[in-house]
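Trainee: One structure coming up, written as structure tokens, with questions to follow.
Coordinate-derived values only; no laboratory data. Treat the numbers as computed from the prediction; the structure is a model and nothing was measured. Ideal geometry is used to build each Cβ from the backbone, glycine not excepted, and the neighbour counts take in all protein chains shown.
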Amino acid sequence: MLGKKLVTSQKRGETRALCLGLGMVACSVMMYFFIGITIMPSYTNSVWTKETMCKLLKTNIKDEVQCSFNNGAGDENIFQYPCLEVLVDLNFSGKEVMLYHNEETQERNPKCSYIPQDLKNNKEVKTLIETAAENLRKRQTFPCYYDPEQRKTSVILIRLYPPKGLFFAFLWPSLMLTGGVLIIIMVKVSQYVSVLSAWQYKTNI
């Protein structure tokens with residue numbers, strides 16, 4: 001009787017562990033799919049892949065300039081907000097180019113180098129833009145990214161998804177997938193050992 005209870009308890013534990021492993025594998029696959037449709041297109045479509053040094057040439061804040069804003073859905077809205085324009089020297093070559101904060105900045109408004117996410121509070125937007133301009137003036141020379149194939153003449157300050165960020169994005173689903181597969185393997189090995197032990201026991205009898 002006790003042996004049957006132990007066997008039943010073991011089977012329940014194996015079933016739960018197997019469900020956990022399968023659930024982890026399913027979650028990791030969903031995470032891979034999510035990364036594939038959100039992060040990967042932005043990473044592969046970015047042309048600013050080569051890092052170099054940029055030297056600040058000029059920062060200009062245009063107060064209350066009417067700038068267009070594209071939200072990505074094809075609709076273009078008009079906002080009144082300060083527009084920061086930053087010009088830099090690319091790799092000390094004497095070539096004057098426009099600096100953008102990241103890949104999305106040029107898509108949102110090619111006239112402005114930096115656009116805060118929230119444009120509702122004009123005073124706060126102005127403060128953020130002035131702070132960004134002041135930080136660039138303090139640094140003068142800083143790393144930036146350019147298009148090595150020269151499809152884009154502009155440069156960006158930071159990449160939305162650099163290789164290091166992409167690595168960490170894939171790290172967690174990979175760990176979850178590995179853990180799930182290991183749990184499934186351990187359960188299957190445990191089941192195999194149990195069957196083998198039962199067969200040997202019957203043979204000895």
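Trainee: What FRET efficiency would be calculated for the residue pair ILE37, PHE167, taking the C-beta separation as r and a Förster radius of 22 Å, to the nearest 0.05?
Mentor: 0.75
Trainee: 7 Å from Cα along Cα→Cβ at both LEU20 and ILE185: what's the point-to-point distance in nm?
Mentor: 1.7 nm
Trainee: Once you sort the root eigenvalues of the Cα gyration tensor of region 97-154 as a ≥ b ≥ c, which label holds: rounded (a/c under 1.5), prolate (a/b larger than b/c) or oblate (the other case)?
Mentor: Oblate is the answer for region 97-154, as a/c is 1.5 or above yet b/c matches or exceeds a/b.
Trainee: Next question. Order of 174-187, 36-49 by packing, highest average Cβ count within 10 Å first?
Mentor: Put in order of decreasing packing, that is 174-187, 36-49.
Trainee: Let me ask you something else. How many nm is it between the label spots at THR131 and SER174, if each spot is 7 Å from the Cα in line with the beta carbon?
Mentor: Between THR131 and SER174, the label points sit 3.5 nm apart.
Trainee: Moving on to the next point. For LYS11 and GLN117 in the same chain, what is the full-extension length gain: residue separation times 0.36 nm, less their Cα-Cα distance, in nm?
Mentor: Length difference between fully extended and current span is 32.8 nm.
Trainee: Starting at the first residue of region 114-131, write each ³J(HN,Hα) from the Karplus equation 6.51 cos²θ - 1.76 cosθ + 1.60 with θ = phi - 60°, in whole Hz, x for Gly and Pro.
Mentor: 9, 10, x, 5, 9, 9, 6, 8, 5, 5, 5, 4, 5, 5, 5, 5, 5, 5
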